[in-house]
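Take a look at the structure below.
The values are calculated or read from the model by the stated rules, or taken from the named source; none is laboratory data. None of these values were measured; they are calculated from a predicted model. Note that we place each Cβ from the backbone using ideal geometry, even for glycine, and neighbour counts take in every protein chain shown. For accessibility, only protein heavy atoms count, side chains too; no ligands or nucleic acids. Shrake-Rupley method; radii C 1.70, N 1.55, O 1.52, S 1.80 Å.
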Amino acid sequence: MPLEDQRLLRELNDLRHRYAMLVRALRLMIYDYDVATGTIEWSGETEQVCGRAIHELDGGIAQWESLIHPDDREQALTLLSEAEANLREYDVEYRFQHKNGSYVWILDRGYFLAGPDGKAARMVGMMQNISEIKAIEFERLQMQEEVIAAQERALRELSTPLVPISERAVALPLVGSIDQRRANLIIETLLEGVSNRGAEVVIIDITGVNTVDTFIADALIRAARAVRLLGAHVILTGISPEVAQTVVSLGADLSVFETRATLQDGIALVMNNQIASAPRRNDNPINPPMRRRKE
């Protein structure tokens, strides 16, 4: 054999050896799919991937389809048809039935090769068991959800802190900006506080709110109306001259509130028993009567 041929043979054998080592190291299940006949020639680490020896995978494309999890099958087949029609890469993750009956997560990546007519004739690719990666990803997402839930609880407590003033009164000091999400939290916190504590009076203090616009005024009014439906009276404090002027210019109807300039004024109003309980559900909730209780 000529020296050049010997060199090429050595290089070919070396490439084959490296390929085999790579397939073994990555535990890849290699396939060569004949589109016309529907047969699949398997090689590589089939037992490592799905628990089956090569001779147990002789059912072609029909067997491959049947082993895909029913919930993943439609997507896997749709993407396969699209890749075949457009001679594109096939790249998908799905659950594949192991010989023991369980399902393992598979990364399936293949390429279609065109025949003389320009249409897909063969598909070569690999399948890899990624169940361990999926398990780690699931744990990470679960931990992330737990962290987000904890942050949500902390945010809820910090952004809408309900402070007891007396046995029948609570205060909600608001600080910063109010968006739709926080407006809903305010209403939810107030309703829970009134219901759980049996509060008769709620003080909403907006001294620390950055700006008061139409949206915020409407959110406060909705919160007050919701609380009044539970029979509690609402006091709005922190009305600075600037805020008062803004509210007037916006035309917001704050008749659902008793208003005071400062939180201290609102607390004093409650502690001095100068405010009557709000009317219950069967009474008229608009403009509740005010009276000074007898000493």
Keeping all protein chains in the complex and leaving out DNA, RNA and ligands, what accessible area do you get for residue 119 with a 1.4 Å probe, in Å² to the nearest 10?
140 Å²
Go ahead and run the numbers for FRET between residue 175 and residue 48, Cβ-Cβ distance against an R0 of 51 Å, rounding to 0.05.
0.30
Long-range amide H partners of residue 203 with built H, under 5 Å:
170, 171, 172, 235
Using the Karplus curve 6.51 cos²θ - 1.76 cosθ + 1.60 with θ = phi - 60°, what ³J(HN,Hα) values do you get for each residue of segment 94-108, in whole Hz, with x for Gly and Pro?
7, 8, 10, 6, 7, 4, 7, x, 7, 10, 10, 7, 10, 9, 10
Computed ³J(HN,Hα) along segment 229-240: with the Karplus parameters 6.51/-1.76/1.60, θ = phi - 60°, integer Hz and x for glycine or proline, the list is 5, 8, x, 9, 8, 10, 10, 9, 10, x, 7, 7
Work out how much length residue 213 to residue 166 would gain on full extension: take 0.36 nm times their residue separation and subtract the Cα-Cα distance, in nm to one decimal.
13.8 nm
Here FRET efficiency (C-beta to C-beta, residue 10 to residue 86, R₀ 51 Å, nearest 0.05) is 0.80
Mean Cβ count within 10 Å, highest first, over the residues of peptides 234-243, 79-88
234-243, 79-88
Quick one: which of 33-43, 222-232 comes out on top by average Cβ neighbours within 10 Å, and what's the full order, highest first?
222-232, 33-43
Please compute the modelled spin-label separation between residue 73 and residue 273, points set 7 Å along Cα→Cβ, answer in nm with one decimal.
7.6 nm
If you average over every viewing direction, what projected area does the convex hull of the Cα atoms of segment 184-256 give, in nm²?
4.5 nm²
